[in-house]
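The values are calculated or read from the model by the stated rules, or taken from the named source; none is laboratory data. Computed from a prediction, not measured in an experiment: that's the story for all the values here. All Cβ positions, glycine included, derive from the backbone under ideal geometry; neighbour counts span all protein chains shown. Areas reflect the complete protein model, heavy atoms only, side chains present, ligands, DNA and RNA absent. Shrake-Rupley method; radii C 1.70, N 1.55, O 1.52, S 1.80 Å.
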Amino acid sequence: VNLMSLDIEQERAGNAAADAVGTRRLLRDKKQLEDLKYRMGESEWNKLSSAKQRKKQRKLANRQIKATKLEQKLLIEANLEERKLLPTLQDKGKLGIAMDQRFDEQTLGRGLQLSEGGLIVRRNAGVQAPTFVFWGNPSTSQPISRWCIRIDRQSGSLYIGMATVPLDPEECYAKYLQSSAVILGDSGKVYRTETGTPRSPARKRFIPTRADGTHKVDIEIPLIGTRTYVAKNKYRTHKFSLKGGVTVLMEYNRNQNTLQLSVDRKQYITIDEVPRGSRPFLNFFAPGDGATILSAEDGPSIN
């Protein structure tokens, strides 16, 4: 009898322990579901009628948590890079750039943050849409403006160019603008957009002309002599790709209505028919991405 009683008590203890484990699991699942519930609408919540669907939602929530942690890590790394860059700017006197040539706080998009008095712009986490920032003096009467921009970090889609204000729409990838703009993408491709409609945007990708045009090559041919050939310089997209650490040189000629671009001075291109009244801009998407104004000047002619 004593042995039977002992077996019964052990069985009851085992069942109680199993029930406790099951209860903890139910409470954990319930807490995770409650965390999900406030993020969803009532109709979406009601659609989660099966355990399989709830498991899928928990998986998506965990993925979002991991993405947030990754964004925070990128921001920390970007801040460290920014601290390394500041002494270089101070040594070269870059912090003396005129205030009206710096990033414009009034055009600063959501999720973007300025530092060092508007010389540095950085993309923060929390906004799931590409946003814009402009810089430069919009009221200058000088015919030529030149800017040198350093891409501090590039881990997602990034665009630089010139566009008319106001933008349409205010938040999008720059190549999908429905207002007038000329754009250089991070892949080295060049776009032109004009006023259009959502169903029929006036957007095209084109190959710009090399600033140095063509060049002549003298070739010595035996028994014939010297012959001169004209070689065309092709546009190479890989020489205009935007990566972390590169510098973009931009020169806007208001009289000729042209924009000259170069990335790390590898190759120069000229874009004609720049929309009048345009301002230079940057378009960011990924957290941690940012840029710094290294130099900015206006004048009748700049050498």
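A few comments on the model shown:
- Per-pair calculated FRET efficiency, R0 = 35 Å: K55 and D168 via Cβ, rounded to 0.05: 0.25
- Filter on K66/K175; K204/K234; K204/K243; K31/K59 - keep pairs with C-alpha separation over 25 Å: K66/K175
- Dipole moment magnitude, nearest 20 debye, segment 102-158 about Cα centre, only Lys, Arg, Asp, Glu C-beta charged: 160
- Accessible carbon and sulfur surface of segment 226-292 relative to its total accessible area, %, 1.4 Å: 43
- Karplus (6.51, -1.76, 1.60) ³J(HN,Hα), θ = phi - 60°, over segment 234-241, in Hz, Gly and Pro reported as x: 7, 7, 10, 5, 5, 7, 10, 6
- Amide H contacts under 5 Å for D152: G245, G290, A291, T292, restricted to partners 5 or more places along the chain or on a different chain, H placed in the peptide plane at 1.01 Å from N.
- Spin-label model, R205/A286: points 7 Å from Cα along the beta carbon direction are separated by 1.9 nm.
- Residues whose placed amide H lies under 5 Å from that of E297, excluding near-sequence neighbours: R146
- In order along segment 155-160, the Karplus-derived 3J(HN,Hα) couplings, from 6.51 cos²θ - 1.76 cosθ + 1.60 at θ = phi - 60°, round to 10, x, 4, 9, 9, 9 Hz, and Gly and Pro are given as x.
- Of all accessible heavy-atom area on segment 107-201, the percent that carbon and sulfur account for (1.4 Å): 44
- The gain in end-to-end length when the T23 to T247 segment is fully stretched comes to 74.7 nm, 0.36 nm per residue minus the alpha carbon separation.
- Under 5 Å, built H, 5+ apart or other chain: amide partners of S187: L242
- Peptide packing: for 55-64, 140-149, the average count of neighbouring Cβ atoms within 10 Å per residue gives the ranking 140-149, 55-64, highest mean first.
- Using θ = phi - 60° and Karplus 6.51 cos²θ - 1.76 cosθ + 1.60, couplings along segment 281-290 (whole Hz; Gly, Pro as x): 9, 10, 10, 10, 9, 7, x, x, 5, x
- Potential extension, L70-M99 segment - 0.36 nm per residue separation minus Cα distance: 7.0 nm
- FRET efficiency, 1/(1 + (r/R0)^6) with R0 25 Å, evaluated for Q113 and K239 via beta carbons: 0.20
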